[in-house]
Amino acid sequence: MPFIDVTLAEGRSPEQLRALIRELTEAAHRAVDAPVNSIRVVVRECPPTHWAAGDVTIAERRAAQ
């Protein structure tokens, strides 16, 4: 049973998240021939103020653009 865990910064629409789940499920099914009903996908959304790279948060990076 494949378990796919994705963490993203908040800000995507429900339709985009649904499309991501669909595409990841299909990719796992194709890649390892797992039955679709056994594939688990969890999407975790993180506030942009709680995600940083190089001591700069996503929110700070967006504000600087």
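Report yes if Arg22 is part of a helix (DSSP H, G or I), closer than 30 Å to Ala63 by Cβ and modelled with pLDDT of 95 or more, otherwise no.
Criteria not met by Arg22.
Exactly one of these conditions fails for Arg61: (1) surrounded by 13 or more Cβ atoms within 10 Å (Cβ to Cβ); (2) in contact with a Leu (Cβ under 9 Å, 6 or more places away or on another chain); (3) of a type in the set (Lys, Arg). Give me its number.
(2)
Considering (1) assigned to a helix (DSSP H, G or I); (2) surrounded by fewer than 12 Cβ atoms within 10 Å (Cβ to Cβ), say which one Asp5 fails and leave the rest.
The failed condition is (1).
Any idea which of Arg44, Arg12 is part of a loop (DSSP other than H, G, I, E, B), open to solvent by 50 Å² or more (accessible area, probe 1.4 Å) and within 25 Å of Ala63 (Cβ to Cβ)?
None of the others qualify; the one that does is Arg12.
Considering only residues that are in a loop (DSSP other than H, G, I, E, B) and either basic (Lys, Arg) or touching a helix residue (DSSP H, G or I) at 6+ places or on another chain (Cβ under 9 Å) (or both), look in segment 25-41 and name the one that is farthest from Pro2 (Cα to Cα).
Pro35
Could you look through segment 47-65, keep only residues that are assigned to a strand (DSSP E or B) and farther than 12 Å from Ala9 by Cα, and pick out the one that is farthest from the chain's Cα centre (by Cα)?
Restricting to residues being assigned to a strand (DSSP E or B) and farther than 12 Å from Ala9 by Cα, the top hit is Val56.
The values are calculated or read from the model by the stated rules, or taken from the named source; none is laboratory data. Please read these numbers as outputs of a predicted model, since none were measured by experiment. Here Cβ is always computed from backbone atoms with ideal geometry, including for glycine, and neighbour counts include all displayed protein chains. Heavy atoms of the whole protein, side chains included, go into the accessibility calculation; ligands, DNA and RNA do not. Shrake-Rupley method; radii C 1.70, N 1.55, O 1.52, S 1.80 Å.
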